[in-house]
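Read the figures in this text as sums done on the coordinates, not as results from a lab. Source: prediction; values computed, not measured. FYI the Cβ positions are ideal-geometry reconstructions off the backbone, even for glycines, and counts take in every protein chain you see.
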Ligand SMILES: Nc1ncnc2c1ncn2[C@@H]1O[C@H](COP(=O)(O)OP(=O)(O)O)[C@@H](O)[C@H]1O
Ligand SMILES: [Mg+2]
């Protein structure tokens, strides 16, 4: 393996995809997630971001192209199962991801699937909830939680597997300011690589090191921040002041 391959965690080569009877959604898409990189993706609705995450994790099948994890091609269902142990995927809507009545069962599900004993899985789940500061929700019923709490539980479910890479789909969508801030802190504490889809550019700027958008059915990198002006008003705005 040369140095470049050593640095690349996840690679997508020449990927094309369409839903049955639909026109091509992604075409000739290339992407490289290098070690230590956090990639933010912003693009209009319907451009295929969520579909891309589902293709990476094997929930949808690409028409053509290749996905490589640590330089190894991921092809069979078994390969994708192994990938899902290393690449944690947090869906946009928590209700699509929480299956059990009690929080702890959802968070322990991944570790159990990974082959840990029931006791080990519960310990891992408990530790993960503690690390997110939501251990008090351990025996709560998921359907009774607020949207923000559910988001944290789905993140806990992904983190409890100790993934190398996190894929987050609209993690701050629908969160209030305090929950959003907390989520950003948790995302930044995660040491592995990340790909984050979001319509929240400020959150992406705080959590990511590279920025992409989908244009012409491909991921393209935005290399420099765009200078733009805002007009806004607030009390004492006429006095000299700064914005942090
Ligand atoms: N299961 C599906 N079957 C057919 N078309 C779908 C399905 N899921 C999504 N689509 C369509 O694919 C396009 C891209 O969807 P999606 O990947 O969710 O985009 P994004 O996440 O960028 O908003 C949309 O036009 C959507 O309607
Ligand atoms: Mg989406």
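Entry note, region 184-244: relative contact order of 19 percent, from Cα contacts under 8 Å with a spacing of 6+ residues.
Find how many whole Å separate the alpha carbon centroid of region 11-78 from the alpha carbon centroid of region 138-157. Answer, in whole Å: 28. Peptides 136-148, 54-66 ranked from most to least packed, by the mean per-residue count of other Cβ atoms within 10 Å: 54-66, 136-148. Under a Gaussian network description of the chain, with springs only between Cα atoms under 10 Å, the residue in 75, 149, 226 that fluctuates furthest is 226. Using R0 = 25 Å, the C-beta based FRET efficiency linking residue 139 and residue 119 works out to 0.90. Counted by neighbouring Cβ atoms within 10 Å, the residues 190, 100 run from fewest to most as 100, 190.
Our summary gives region 104-244 a relative contact order of 18 percent, counting only alpha carbon pairs under 8 angstrom and 6 or more residues apart. Classified by the C-alpha gyration tensor, the chain has an oblate form. Its axis ratio a/c, with a ≥ b ≥ c, is 1.5 or above, and a/b does not exceed b/c. The residues 124, 7, when put in order of fewest to most other Cβ atoms within 10 Å, stand as 7, 124. Mean separation of Cα pairs under 8 Å and 6 or more residues apart, divided by the residue count, gives region 3-222 a relative contact order of 28 percent. The fewest-to-most ranking of 19, 70 by surrounding Cβ atoms within 10 Å reads 19, 70. Taking every DSSP helix (H) stretch of at least 4 residues in the chain, weighting each as -39,500 (n - 2.57) and dividing the sum by the residue count yields a mean residue ellipticity at 222 nm of -10000 deg cm²/dmol. Using label points projected 7 Å from each Cα along Cα→Cβ, tell me how many nm separate residue 78 and residue 221, to one decimal. Distance between the two pseudo-spin positions: 3.6 nm.
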